[in-house]
Amino acid sequence: MNYENILVEQENSIQVITINRPSKLNALNKATIEELSHALIASDKDTSVRVVIITGAGEKAFVAGADISEFSDFSVEEGKDLSKKGHDQLFSLIDQMKTPVIAAVNGFALGGGLELAMAAHIRIFSENARVGLPETSLGVIPGYGGTQRLAQIAGKGRAMEMILSAEMINASKALDYGITNNVVPLEELIDSAKKMAQKIIKNSPMALATAIQCVNANYAPGVDGMAYEINAFGNCFGTEDFTEGTRAFIEKRKANF
Ligand code: COA
């Protein structure tokens, strides 16, 4: 697939995917969602990719939302289809990836932009980041997981405040709300995400993938998270990574995963 709306670069084991529609503040149109989906499925299958960083082109926006011009005349059925496809193709896909995904939020992350950042496993914001779920101001609600993930990440009261007011918050409030793990100057954002990635890469890819699944199990309807963890913990014992990790500790050397 030829990408027209994203850039994919890899340095060692870290892949950086840049959403590249700066003239539209990187708004997520259908083509961009399809390209992101295609690239991320490939990344998750590629064992040379150990961490993915998603960011936006330019200094103004990560992603200013779903592309409003594409859905303003949609019917009820088309609206449902838009949301379902988005969940399946991109937002749930990221959440459930085996490869850890870091969102490096370099400015506005609104609507689908904040939903994209929240689908990632870790978020780092630049100081100029401004984020919100403004959908109720457009006569709609967040449809790419925002009503669920914001409440999970920031708590119900804060999610209600942000969704019902439709207002943006700045990076320091987002840090206070637990929406971002860290806030750094814009010029340090990608390096900071890469430093985080380096810490992750030292660890077992099998254990990372399993840990992501277990944390997610807490939020999966009808799943007993503790039982899920017990089973997944046991399964680790049958892997080469477990043998290597524990042997390296006993031999006082770094594990080679
Ligand atoms: N969908 C489609 N186009 C968008 C967009 C979106 N979500 N967000 C921004 N754009 C486009 C604008 O239409 C404009 O395009 P144009 O130059 O062809 O007219 C361009 O990006 C620049 O945006 P502009 O509004 O001129 O920048 P600004 O600095 O004045 O305002 C924002 C920045 C982010 C406050 C404003 O763009 C905004 O409110 N965007 C929509 C946010 C939103 O509601 N997102 C949720 C969607 S569900």
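Every number in this text was worked out from the coordinates using simple rules, so none of it is lab data. Only a predicted model underlies this, so the values are computations on that prediction, with no experimental measurement involved. Don't worry about glycine lacking a Cβ; one is built from the backbone with ideal geometry, like all the others, and counts go over all protein chains shown.
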**Prompt:** Against the longest alpha carbon principal axis of the chain, how many degrees, from 0 to 90 and to the nearest 10, is the axis of helix 205-217 turned?
**Reply:** 50
**Asked** Longest exposed-loop-site-free stretch of the chain, with GluC sites (Glu not before Pro), DSSP loop and at most 15 other Cβ within 10 Å?
**Response** 168-250
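Which of Lys252, Lys195 has the fewest other C-beta atoms within 10 Å, and how do the rest follow up to the most?
Numbers: Lys252 6, Lys195 12.
The fewest-first ordering by Cβ neighbours comes to Lys252, Lys195.
For region 6-201, take N as its residue count and report Rg(C-alpha) divided by 2.2 N^0.38 Å.
Details: Rg = 15.4 Å, N = 196, 2.2 N^0.38 = 16.3 Å.
In units of the globular-protein estimate, region 6-201 measures up at 0.94.
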**Prompt:** Pulled fully out, how much extra length does the chain show between Lys85 and Leu186, if you take 0.36 nm times their separation in residues and subtract their Cα-Cα distance?
**Reply:** 33.1 nm
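If you filter region 95-169 for chymotrypsin sites (Phe, Trp or Tyr not before Pro), then keep DSSP loop positions with at most 12 other Cβ within 10 Å, what is left?
Details: sites: Phe108, Phe125, Tyr144; in loops: Tyr144.
Answer in residue order: no site qualifies.
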**Message:** Restricting to lysines 8 or more places apart or on different chains, can you count the pairs in region 7-160 with Cα atoms under 26 Å from each other?
**Reply:** 18
**Message:** Once each part is reduced to its C-alpha centroid, what is the distance from region 21-48 to region 96-118 in angstrom?
**Reply:** 12
**Complete:** Connecting every pair of Cα atoms under 10 Å apart in the chain and solving the GNM, the largest mean-square fluctuation among Val51, Val223, Val63 falls on Val223
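Need one number: the % of Cα-Cα pairs in region 162-257 sitting beyond the 18 Å mark.
Details: 3008 of 4560 pairs.
That tail contains 66 percent of the Cα-Cα pairs.
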**Prompt:** With each label point set 7 Å from Cα along the Cα-Cβ vector, what nm distance links Glu77 and Ser165?
**Reply:** 4.0
**Message:** Taking the beta-carbon count within 10 Å as an exposure proxy, list Asp241, Asp224 from fewest neighbours to most.
**Reply:** Asp224, Asp241
